[in-house]
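S.K.: Before I ask anything, let me first share the structure, which is written out below as structure tokens.
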Amino acid sequence: MSDSSLENLPKGWKSVPSDLGSDQTTFKGVQWGKAMMWIFLLSDTFIFSCFLISYMKGRASTVVDWPNTSQVFSLDFMGVPVPLLLIAIMTFVLITSSGTMALAVKYGYEKNRKMCGWFIVATALGGLTFVGMQAYEWSKLIHEGVRPWSNPFGAGQFGSYFFMITGFHGTHVSIGVIFLFIFARKVFRGDFDTGRRGFFTTMKSDYVSIEILGLYWHFVDLVWVFIFAFFYLW
Amino acid sequence: MSENMELEKNKQKPATTHKIGIYLWIWGLLFVLSFFSYMVDWYQFQGILRWSLILFFMFLKAGLIMAFFMHLFWERYTLVNVLLWPMTAIACFVGLMVAEGKYTVFTRLIYFVLGE
């Protein structure tokens, strides 16, 4: 975020050549951990892009009809099949958890320990709900006979793309939930106020860690936006 | 030692945060946009209208998340450029694979269907 030492530096487009050509740090005012998280997320973007592009290619090149996702992912509500209901709820749950994460980051920077911690817990619970619903969705589809090599609804490739893409995303959510709980504990214990050293890194940290954690969590939400659009809606 | 100094410096620095309103607004917008993209399926729009609406809502949501939730809107341009220019490589890859997919389905139709 903003830093008083940045005020004398060029702003706007002029800052790009001057930052890139400057001494010591390229990303001015960005803590190193945050820059590393961004670079990791960039590489992760490429991984998810490769999955989604291979899905696009597979779907575009099959001569068999693609399963109608609207029906495949429908859910009975009071005896009436509602198209994509579970996926819609999952989307809203993930966006809700993204919102609580954004507030956790805000309260972290305000050094409001309690609010920050509780919003992180709320985010983790949202993530758990999401993973739980995904597990339900997987078991439902497996019971209906969807396999990575075939399925009763249409083109055989559907299953492999579905399990690969949603599985990889679900793994990201699960890892995020684990880290959210770890950082909730750190916040409540006051690690970022007292400068207590991390047990793994042995380094002191402050509330910028919450922003870094938030970047990861928002990225998980961001990937879901693309999966929702391309896999479920298209 | 330098770590300690940095920690001290951060403590003295006034908190630079954004007003809660901006987050709540973006949050609400994301809900509304998700609802609209769900409605695209609900009303079973087909063809170009469906695809363009899906892409429109998707990019709008992605942009809002990146700009405000991930704070890119407030970051210096160097970071923004380093993160966004690689996306053109992905766009190129998509273009290549669209052409490749069309070619594959063309050959499959020729040899699977007409070849029999």
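All of the numbers you see were taken from the coordinates with simple rules; none came from a lab. Please read all numbers here as calculations on a predicted model, not as lab measurements. As a convention, Cβ positions derive from the backbone with ideal geometry for all residues, glycine included, and neighbour counts pool all protein chains shown.
S.K.: In debye, nearest 20, what is the charge dipole magnitude of the range A:175-234 about its Cα centre with +1 on Lys and Arg Cβ and -1 on Asp and Glu Cβ, if you could check?
M.R.: Values: 6 positive and 5 negative charges, 64 e Å.
Using Cβ point charges on Lys, Arg, Asp and Glu, the range A:175-234 gives about 300 debye.
S.K.: OK, next. What ratio of Cα Rg to 2.2 N^0.38 Å holds for the protein assembly as shown? Before the final figure, lay out the partial values.
M.R.: Values: Rg = 22.5 Å, N = 350, 2.2 N^0.38 = 20.4 Å.
Its radius of gyration relative to the 2.2 N^0.38 Å reference: 1.10.
S.K.: Cut-off is 10 Å between beta-carbons; in what order do B:92, A:116 appear when sorted fewest neighbours first? Kindly include the intermediate steps, with their values, before the conclusion.
M.R.: Details: B:92 10, A:116 25.
Sorted ascending by nearby Cβ count, the order is B:92, A:116.
S.K.: While we're on this one: Cβ under 15 Å from residue A:82's Cβ, residue A:82 left aside: what net charge do those residues give with Lys, Arg +1 and Asp, Glu -1?
M.R.: Working: positive: A:140; negative: A:76, A:137, B:41.
My count for the surroundings of residue A:82 gives -2.
S.K.: Can you give the extra length, in nm with one decimal, that the chain gains between residue A:43 and residue A:188 once fully stretched, where that is 0.36 nm per residue apart less the Cα-Cα distance?
M.R.: Numbers: separation 145, 0.36 × 145 = 52.20 nm, distance 3.18 nm.
In short, 49.0 nm is gained.
S.K.: What is the dipole size for the protein assembly as shown, taken about its Cα centre, with +1 at each Lys and Arg Cβ and -1 at each Asp and Glu Cβ, in debye to the nearest 20?
M.R.: Values: 27 positive and 22 negative charges, 119 e Å.
That gives the protein assembly as shown a dipole magnitude of about 580 debye.
S.K.: From largest to smallest, what semi-axes in whole angstrom does chain B give when each is the square root of 5 times an eigenvalue of its alpha carbon gyration tensor?
M.R.: 45, 23, 10
S.K.: For residue A:82, what residues show an amide H to amide H distance below 5 Å, using hydrogens built from the backbone and excluding near sequence neighbours?
M.R.: A:75, A:76, A:77
S.K.: A further question follows. Which whole-Hz ³J(HN,Hα) couplings does the range A:91-103 yield from phi under the Karplus relation 6.51 cos²θ - 1.76 cosθ + 1.60, θ = phi - 60°, glycine and proline marked x?
M.R.: Rounded to whole hertz, the list is 4, 5, 4, 5, 5, 4, 5, 5, x, 5, 5, 4, 5.
S.K.: Right, another one. Where in the range B:16-32 does the amide nitrogen come within less than 16 Å of the point 7 Å from the Cα of residue B:56, taken along Cα to Cβ?
M.R.: B:32
S.K.: Among A:71, A:51, A:22, whose Cα projects farthest towards the positive end of the dipole of the range A:1-79, with charges put on the beta-carbon of Lys, Arg (+1) and Asp, Glu (-1)?
M.R.: Comparing the listed Cα positions along the dipole, A:22 ranks first.
S.K.: Greater than 31 Å separation of Cα atoms is the criterion. Which listed pairs, A:28/A:186; A:140/B:61; A:34/A:57; A:114/A:204; A:34/A:114; A:11/B:19, meet it? Please list the in-between numbers first.
M.R.: Numbers: A:28/A:186 27 Å; A:140/B:61 29 Å; A:34/A:57 34 Å; A:114/A:204 20 Å; A:34/A:114 23 Å; A:11/B:19 23 Å.
Among A:28/A:186; A:140/B:61; A:34/A:57; A:114/A:204; A:34/A:114; A:11/B:19, the Cα-Cα distance tops 31 Å for A:34/A:57.
S.K.: OK, next. Put +1 on the Cβ of each Lys and Arg and -1 on the Cβ of each Asp and Glu in the protein assembly as shown; which of A:215, B:103, A:153 then has its Cα farthest toward the positive end of the dipole?
M.R.: With unit charges placed on the Cβ atoms, the residue in question is A:215.
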